Amino acid sequence: MKVISTPNAPAAIGPYSQAIEIGDTIFTSGIIPIVPSTGNVVGYSVEEQTRQVLDNLKALLEDAGSSIENVIKTTVFIKNMDDFTKINDIYATYFTGVLPARSCVEVAKLPKNVKLEIEAIAIKVTK
């Protein structure tokens, strides 16, 4: 088991790791729309926040030796199910080709009162 830690994704805001690698599998913690360099939540719109979350996920996976193309499962937590279409439209620009399995649930509240959080499971593919 290996702890994945990078300054290119938001630091953990509690007693957990950004991601854990076991064998060729990477399990990320939930990622929220924080700008890694400032520690601040980005934007007010769900679109801005979705892009930041997915950019953070991409950076974390790349620093772990994987990529967004190697994601096999995501869980999307959203504050308002009415935002699903907006989130989905942006999500579809990051995930193309073989699409990961996904769950999406509405929750009452998220850390720092953000609009969404995404966790992922990815594999490492050696060339």
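The figures follow:
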{"item": "Residue tally, condition under 17 Å from P15 (Cα atoms) and of a type outside the set (F, W, Y), over the range 27-53", "result": "6"}
{"item": "Residue, surrounded by the most Cβ atoms within 10 Å (Cβ to Cβ), within the range 1-60, restricted to residues that are more than 23 Å from K79 (Cα to Cα) and charged (D, E, K, R)", "result": "E21"}
{"item": "Single condition P10 does not satisfy, out of (1) of a type outside the set (G, A, S); (2) outside any loop (DSSP other than H, G, I, E, B); (3) at pLDDT below 95", "result": "(2)"}
{"item": "Residue in the range 39-47 that is assigned to a helix (DSSP H, G or I) and in contact with a Phe, Trp or Tyr (Cβ under 8 Å, 6 or more places away or on another chain) present", "result": "no"}
{"item": "Residue match in the range 64-71 (condition: aliphatic (A, V, I, L, M), closer than 13 Å to E47 by Cα and part of a strand (DSSP E or B))", "result": "no"}
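The values are calculated or read from the model by the stated rules, or taken from the named source; none is laboratory data. The structure displayed is predicted, hence computed values, not measured ones. As a convention, Cβ positions derive from the backbone with ideal geometry for all residues, glycine included, and neighbour counts pool all protein chains shown.
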